[in-house]
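To keep things clear, I will list the structure first and then write my remarks on it.
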Amino acid sequence: MNEESHSSTIAGWREWVSLPNAGVPWIKAKLDTGARTSSLHAFDVEELPGSSDAPGGEPLGRVRFGIRPWQESDDDAVVVELPVHDRRQVRSSSGHSEERIVVLLDLVLQERTVTAEVTLTNRDEMGFRMLIGREALRQGFVVDSARSFVGGRAPRGIRRRNRGRP
């Protein structure tokens, strides 16, 4: 076996995760082995002055964006500012291609923290605010497509907020 062997954590096709360096303690995510990169619903995406595609490995600048962790609600929205890690052409499941900003985000899934490359996009019409792709999952997760919330459910109040209930 050429790759380092490690123990894998079994996760369901959907899980509750947190984004500690973005100040998001709970967000429901779909785990998608068909997607290479992870993606996050972001709004008011603003590249800050000085951001550029500088050649020679120079920094790509910074980006400020908002995250709404709940479907159909502005409650608990946060504004985050992070370095731009990359820009990529991404093809959606519908076949539409667009350039997206990529940031590095820590995500906690089943009490394990991994760093993921995350594209910023509008996921308002999608069922999940976050999609975790195979590049993040290959850091020690195996997805059981027949299971959900293997890592446990969020507290009841959080689940109600996610469904738009007080």
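Do the conditions hold for TRP16, that is, is it modelled with pLDDT under 90, among the aromatic types (Phe, Trp, Tyr) and either in a helix (DSSP H, G or I) or surrounded by 17 or more Cβ atoms within 10 Å (Cβ to Cβ) (or both)? In short, no.
The condition (being open to solvent by 40 Å² or more (accessible area, probe 1.4 Å) and at pLDDT below 90) is satisfied by just one residue among GLN89, GLN110: GLN89. Do we find that GLU72 is within 27 Å of ARG156 (Cβ to Cβ) and open to solvent by 70 Å² or more (accessible area, probe 1.4 Å) in this structure? So GLU72 passes the test. Selection over region 19-38 of residues that are modelled with pLDDT under 95 and among the hydroxyl-bearing types (Ser, Thr, Tyr) gives a count of 2.
Of ALA116, ALA136, ALA154, ALA146, all but one fail to be in a loop (DSSP other than H, G, I, E, B), surrounded by 15 or more Cβ atoms within 10 Å (Cβ to Cβ) and aliphatic (A, V, I, L, M); the exception is ALA154.
For region 92-104, taking the residues that are of a type outside the set (Val, Ile, Thr) and touching a Ser or Thr at 6+ places or on another chain (Cβ under 7 Å), the one that is farthest from SER148 (Cα to Cα) is identified as ARG100. Show the residue pairs meeting these rules: Cβ distance below 7 Å; 6+ apart or different chains; first residue within region 124-138 and of a type in the set (Gly, Ala, Ser); second residue part of a loop (DSSP other than H, G, I, E, B). Final answer for the pair search is GLY133/ASP32; GLY133/ALA35; GLY133/ARG36; GLY133/THR37. Taken over region 92-107, the criterion of being open to solvent by 50 Å² or more (accessible area, probe 1.4 Å), modelled with pLDDT under 85 and more than 21 Å from GLU15 (Cβ to Cβ) is satisfied by SER94, HIS96.
To keep it simple, each residue is scored yes or no on (1) over 15 Å from VAL17 (Cα atoms); (2) in contact with a helix residue (DSSP H, G or I) (Cβ under 6 Å, 6 or more places away or on another chain).
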{"position": "ALA77", "(1), (2)": "yes, no"}
{"position": "ARG88", "(1), (2)": "yes, no"}
{"position": "VAL114", "(1), (2)": "no, yes"}
{"position": "ARG153", "(1), (2)": "no, no"}
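The values are calculated or read from the model by the stated rules, or taken from the named source; none is laboratory data. Quick caveat: nothing in here was measured; it's all calculated off a predicted structure. Reconstructed Cβ throughout: ideal geometry from the backbone, glycine too, with neighbour counts over all protein chains shown. The accessibility values were calculated without ligands, DNA or RNA, using every heavy atom of the protein model including side chains. Shrake-Rupley method; radii C 1.70, N 1.55, O 1.52, S 1.80 Å.
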